[in-house]
Each structure stands twice: as structure tokens, then as C-alpha cells.
Amino acid sequence: MDAVGVIPARFGSTRFPGKPLAPILGEPMVVHVVRRVQEAGCFAAVAVATDDERIAAVARGAGATVVMTGEAASGTDRVAQAARSLDATVVVNVQGDEPALPPESLRRLVGFLLAQPSVPMATLALPATAADLANPTVVKVVCDAAGRALYFSRSVIPYPRQPVPGIHRKHVGLYGFQREALLAFAAWPECELERCEGLEQLRALYHGMAIQVLDAAGESVAVDVPEDIPRAEAALLKMGKG
């Protein structure tokens, strides 16, 4: 029972073209992400799924397996393309814009899915701050009593008509799948909720796939726009990765 970590990385981003190659402390961002996945020590293989040879060359230099992919509706769809050529029980989609991701978060996700093969999909969350709630690039999640996701949104959920301390959580964009669940996800067409919010995980909820939400091991910094790079660099230096 093995797990593989797959980093989807495309050059053409609307808000940040060439993002995987953006320099973070003097090295391309995708190199930092590959290292965090390697440091987790829970993967039989670390792969970068890309449609760009420039990204592929950098990923190979960092020691990752490269799987060249075609067009993909989302990062998870790109991961599914790569997974068809990778032999693994569990496949984790590691977002390519999380250079300071704590490796322990990856270990928690993999350990849970290997121990719970009946759970098709899992992801991570952290407590949300007031600044997170006001930021549409920070995705929020609401769960049921068993820790399964009810909904994800860029808006504030739940609406704080009567504020309850600690109720708001932000999503950490990692997705772990049992292999067959990932292939099923990729076979479904995009749904209206997914297109409306720009959140691929809503496709899973729309089609009735349960998503278990685990506590992340610590904060990370997603690089959505160039202005996020200084924060990511500060986080890496705090981790001793400078």
C-alpha cells in the first residue's frame, strides 16, 4: 500500500503566468514544493505533472519524476492524468504554490487515507483569522459532526449572525484520494458550483463523494499572486529552509 505525491504545475496562470518557476529565495517555487514533499518521507514517488518542458526540466533537476500531461480543467484533473501511469493506492495532489508546506501535514493526510481505505478523499484545514474571512483567495470550509466537508466557499461561511469563537476554518489546498476515487472524480464533468466558485473540490461534493477534513500540522503560505512571495520567503526562513 503505497502513496505518491503529485504536484500539478502549469505555466499559464491567469493571475500569475509562470508561477511554478517564480524565484523564491533564489530558486524556482516548484523546487521548494518538491523538497517539502520529499521531506515528508511518506511517498513511494514524488512527481510533477506538467504540460511545459521548462517546468519539467527544473522538476527533474530537483529529483522529481515528471509526467507530461495535456490540457486539464483543474489541478486535480492534471493529477489524475499523471496517476494513470503511477502505481499507488493513495494519490495526493500537492498544490504547486505551497513552498512552505509543513511536511507533517502530508504525513497526516497519507497516514489517514492508508489506514481508512473506505474514505475516498481527504483534505486539511486550519482555524481562520479575521483577515482570512475577508480574503476571497482564502477558501473557507464547513464540516459536519464527523468532520466531513459540507461546503467550501470563497465567501464567509458560516455567516456570523451570532458569532461563535473558533467556528470558522480555512481550507489548506491539499487533496488526498484513494486511487479509484481520483479516477472517478476526473471522469465527472465540471459542475456549476465548481465553475461559480472556481473550486474543484465542489465537484466531489456535488457528486456525493465524502471529503474528510483533517487538522493541518501548521500554517503554510499559498502564493496566489507575486505579492505573496515575500510572505512565502519569510515562512521558509522561519522553517530554516533559507
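To keep it simple, each residue is scored yes or no on (1) loosely packed, with under 11 Cβ neighbours inside 10 Å; (2) touching a Ser or Thr at 6+ places or on another chain (Cβ under 7 Å); (3) closer than 18 Å to residue 121 by Cβ.
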residue: 137; (1), (2), (3): no, no, no
residue: 146; (1), (2), (3): yes, no, yes
residue: 151; (1), (2), (3): no, no, yes
residue: 154; (1), (2), (3): no, no, no
residue: 159; (1), (2), (3): yes, no, no
residue: 165; (1), (2), (3): yes, no, no
residue: 168; (1), (2), (3): no, no, no
residue: 173; (1), (2), (3): no, no, yes
residue: 182; (1), (2), (3): no, no, yes
Quiz item: Just checking, how many residues over the stretch 184-198 are under 25 Å from residue 90 (Cβ atoms), surrounded by 12 or more Cβ atoms within 10 Å (Cβ to Cβ) and hydrophobic (A, V, I, L, M, F, W, C)?
Solution: 5
Exercise. Test residue 104 against the criterion of being within 28 Å of residue 230 (Cβ to Cβ), surrounded by fewer than 16 Cβ atoms within 10 Å (Cβ to Cβ) and not basic (Lys, Arg), and give yes or no.
Key: yes
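Can residue 39 be described as surrounded by fewer than 23 Cβ atoms within 10 Å (Cβ to Cβ), among the acidic types (Asp, Glu) and closer than 28 Å to residue 114 by Cβ? Don't jump to the end; show me each part of the working.
Details: surrounded by fewer than 23 Cβ atoms within 10 Å (Cβ to Cβ): yes; among the acidic types (Asp, Glu): yes; closer than 28 Å to residue 114 by Cβ: yes.
Answer is yes for this residue.
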Quiz item: Do we find a residue being acidic (Asp, Glu), touching a helix residue (DSSP H, G or I) at 6+ places or on another chain (Cβ under 9 Å) and closer than 24 Å to residue 197 by Cβ anywhere in the stretch 27-42?
Solution: no
Self-check item: Selection from the stretch 137-187 of residues that are over 20 Å from residue 216 (Cα atoms) and out of contact with any strand residue (DSSP E or B) (no Cβ under 8 Å at 6 or more places or on another chain)
Solution: 159, 160, 161, 162, 163, 164, 180, 183, 184, 186, 187
Quiz item: Got a sec? Which of 96, 12 is surrounded by fewer than 23 Cβ atoms within 10 Å (Cβ to Cβ) and either within 21 Å of residue 137 (Cβ to Cβ) or at pLDDT below 95 (or both)?
Solution: 12
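Are there any strands (runs of 3 or more DSSP E) wholly within the stretch 139-242 with 2 or more residues that are out of contact with any helix residue (DSSP H, G or I) (no Cβ under 6 Å at 6 or more places or on another chain), under 22 Å from residue 34 (Cα atoms) and not hydrophobic (A, V, I, L, M, F, W, C), and if so which? Break it down into steps so the answer makes sense when it comes.
Values: elements: 140-143, 149-153, 169-178, 211-215.
Those strands (runs of 3 or more DSSP E) span 169-178.
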Quiz prompt | Pair list, Cβ < 8 Å and 6+ apart or interchain, from the stretch 48-73 residues that are within 10 Å of residue 9 (Cβ to Cβ) and touching a residue at least 40 places away in the same chain (Cβ under 8 Å) to residues that are acidic (Asp, Glu) and surrounded by fewer than 18 Cβ atoms within 10 Å (Cβ to Cβ) | solution = 51/71
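Within the group 53, 71, 27, which residue is of a type in the set (D, E, K, R) and either closer than 22 Å to residue 233 by Cα or surrounded by 23 or more Cβ atoms within 10 Å (Cβ to Cβ) (or both)? Can you show your working first?
Values: 53 fails: either closer than 22 Å to residue 233 by Cα or surrounded by 23 or more Cβ atoms within 10 Å (Cβ to Cβ) (or both); 71 fails: either closer than 22 Å to residue 233 by Cα or surrounded by 23 or more Cβ atoms within 10 Å (Cβ to Cβ) (or both).
Checking each option against the conditions leaves just 27.
The values are calculated or read from the model by the stated rules, or taken from the named source; none is laboratory data. Keep in mind the model is a prediction, meaning the values are calculated, not measured. FYI the Cβ positions are ideal-geometry reconstructions off the backbone, even for glycines, and counts take in every protein chain you see.
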